[in-house]
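Reviewing the structure listed below.
Any read-out appearing in this document is the output of simple, stated calculations on the displayed coordinates, not a laboratory observation. Treat the numbers as computed from the prediction; the structure is a model and nothing was measured. Cβ placement follows ideal geometry from the backbone for every residue including glycine, while neighbour counts extend to all protein chains displayed.
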Amino acid sequence: MNEGIHRKQLFESEHISFVEVSEDLIQDYLVMVNDYENVNRYIGGLQKTFTEEQEADWVRKKQEEKATVFSMIEKKSGEYIGNIELMDRKITRGNWESL
């Protein structure tokens with residue numbers, strides 16, 4: 001994780017800070033999505049290498065959509081450990097409901 005960068009924490013658990021997806025995490029995202037053996041095959045299995053430009057486009061798209069996607073930062077180490085996204089949702093009266 002990039003040292004000295006303060007990210008806006010949206011919520012937290014005992015061990016994890018959940019922050020907005022961010023362009024300053026692109027290098028961390030690339031390590032994750034280009035890990036064919038442990039990650040890529042479970043998120044589409046395209047067996048392709050994603051570029052920095054493609055990841056930047058993904059970040060901008062998620063930000064523009066106001067997607068419910070969060071990057072997870074381990075509190076103890078400050079290391080990026082992954083993303084989580086809530087999908088297939090709709091908002092009614094301020095509440096999220098599964099479709």
Query raised in the report: What list of ³J(HN,Hα) values in whole Hz, one per residue of the range 73-88 in order, does the Karplus curve 6.51 cos²θ - 1.76 cosθ + 1.60 (θ = phi - 60°) give from phi, with Gly and Pro shown as x?
Result: 10, 5, 5, 4, 9, x, 8, 5, 10, x, 10, 9, 10, 8, 10, 6
Report summary line: Given backbone amide H placed at 1.01 Å from N, residues whose amide H is under 5 Å from that of ASN83, ignoring those fewer than 5 places away on the same chain, are MET72
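FRET efficiency for GLU64 and ASN38, Cβ-Cβ distance as r, R0 = 35 Å, nearest 0.05?
On the way: r = 29 Å, r/R0 = 0.83.
After rounding to 0.05, the efficiency reads 0.75.
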Query - Over the range 9-98 - Rg/Rh using Cα atoms and the Kirkwood inverse-distance radius - result: 0.99
Query - Assigned charges on the beta-carbon of Lys, Arg, Asp, Glu; the range 9-98 dipole about Cα centre (debye) - result: 400
Query raised in the report: If you take the beta carbon distance between GLN27 and LEU86 as r and set R0 to 22 Å, what does 1/(1 + (r/R0)^6) give as a FRET efficiency, to the nearest 0.05?
Result: 0.35
**Report entry** Whole-Hz ³J(HN,Hα) from phi, Karplus 6.51 cos²θ - 1.76 cosθ + 1.60, for the range 35-40, glycine and proline x
**Finding:** 8, 4, 5, 9, 10, 3
